[in-house]
Amino acid sequence: MQIREAAIGDAAGIAAVHVESWRAAYAGILPQDYLDSLEPVQRGAVWKRILSSQGGRELTVVAEDSYQIVGFANVCASRDADVTAGAVGEVAAIYLRPEVWGQGGGRQLMAAALAALVEVEFSEATLWVLEANSRARRFYEAGGWAPDGAEKDEDIRGFPVHELRYRRRIP
């Protein structure tokens, strides 16, 4: 598996991974009709906009296997008002195709995401995870992440979810 910085032309591949991963990871957590309604084309437009406006302290990396995008991670400065501005980075998204889960790609992708945050001089990182997503929470905890006590309730298309913030020092 190769990790590289994403380019605008990767938007469709990232969107496909995003939708496939959500459908698998959030089955039984989010309403199935919502998951079934997710469209890579719509996500592709969003990712094209994200990738075209990146720079400074925001970056997306992709994981490729046989020249196909199988995962991605997006990092930026923390978007949370309660953290020290400019000092804390955030892993805003990290997703892999379900068929490559458990093969080490997630660890590689997270390592690349954290390295990108270190490169732009962050010494801590946060991420948000659905409380009900026990698989993701185990992955983060195995990688040295821990809940920092912050929690929030979000509304995803009329469906309430509870999120926990995880934090760790980097590198």
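Hey, Pro98 hits all of (1) over 16 Å from the mean Cα position of the chain (by Cα); (2) in contact (Cβ under 8 Å) with a residue 12 or more places away in the chain; (3) farther than 22 Å from Pro171 by Cβ but one; which does it fall short on?
Against the list (1) over 16 Å from the mean Cα position of the chain (by Cα); (2) in contact (Cβ under 8 Å) with a residue 12 or more places away in the chain; (3) farther than 22 Å from Pro171 by Cβ, Pro98 comes up short only on (1).
Tally time: how many residues in region 143-169 are of a type in the set (Val, Ile, Thr) and at pLDDT below 95?
Residues in region 143-169 being of a type in the set (Val, Ile, Thr) and at pLDDT below 95: 1 in total.
Could you check region 18-61 and list, in sequence order, the residues that are touching a Leu at 6+ places or on another chain (Cβ under 8 Å) and more than 24 Å from Val120 (Cβ to Cβ)?
Answer for region 18-61, where residues must be touching a Leu at 6+ places or on another chain (Cβ under 8 Å) and more than 24 Å from Val120 (Cβ to Cβ): Val19, Ser21, Trp22, Arg23, Tyr26, Ala27, Ile29.
Given the conditions (1) closer than 16 Å to Ala25 by Cα; (2) part of a helix (DSSP H, G or I); (3) not aromatic (Phe, Trp, Tyr), and given that Ala112 satisfies all but one, which numbered condition is not satisfied?
For Ala112, the exception is condition (1).
So is Thr126 crowded, with 19+ Cβ neighbours inside 10 Å and among the hydroxyl-bearing types (Ser, Thr, Tyr) or not?
Spelling it out, Thr126 is indeed crowded, with 19+ Cβ neighbours inside 10 Å and among the hydroxyl-bearing types (Ser, Thr, Tyr).
Considering region 24-64 alone, what residues qualify as being farther than 21 Å from Glu163 by Cβ and touching a Lys or Arg at 6+ places or on another chain (Cβ under 9 Å)?
Asp36, Ser37, Val61, Val62, Ala63, Glu64 - these are the residues of region 24-64 that are farther than 21 Å from Glu163 by Cβ and touching a Lys or Arg at 6+ places or on another chain (Cβ under 9 Å).
Is it true that Val161 is surrounded by 14 or more Cβ atoms within 10 Å (Cβ to Cβ), β-branched (Val, Ile, Thr) and over 24 Å from Gly104 (Cβ atoms)?
Judged against the criteria, Val161 is a match.
Is it the case that Ala136 is surrounded by fewer than 21 Cβ atoms within 10 Å (Cβ to Cβ), of a type in the set (A, V, I, L, M, F, W, C) and either under 13 Å from the mean Cα position of the chain (by Cα) or at pLDDT 95 or above (or both)?
So Ala136 passes the test.
Take Pro147 and decide whether it is surrounded by 14 or more Cβ atoms within 10 Å (Cβ to Cβ), in a strand (DSSP E or B) and either charged (D, E, K, R) or more than 14 Å from the chain's Cα centre (by Cα) (or both).
Answer is yes for this residue.
Determine, yes or no, whether Glu163 is charged (D, E, K, R), on the phi < 0 side of the Ramachandran plot and out of contact with any Phe, Trp or Tyr (no Cβ under 6 Å at 6 or more places or on another chain).
It is false that Glu163 is charged (D, E, K, R), on the phi < 0 side of the Ramachandran plot and out of contact with any Phe, Trp or Tyr (no Cβ under 6 Å at 6 or more places or on another chain).
The values are calculated or read from the model by the stated rules, or taken from the named source; none is laboratory data. Since the model is a prediction, treat every value here as computed from it, not as a measurement. Please note: Cβ atoms are built from the backbone with ideal geometry, for glycine as well, and neighbour counts cover all protein chains shown.
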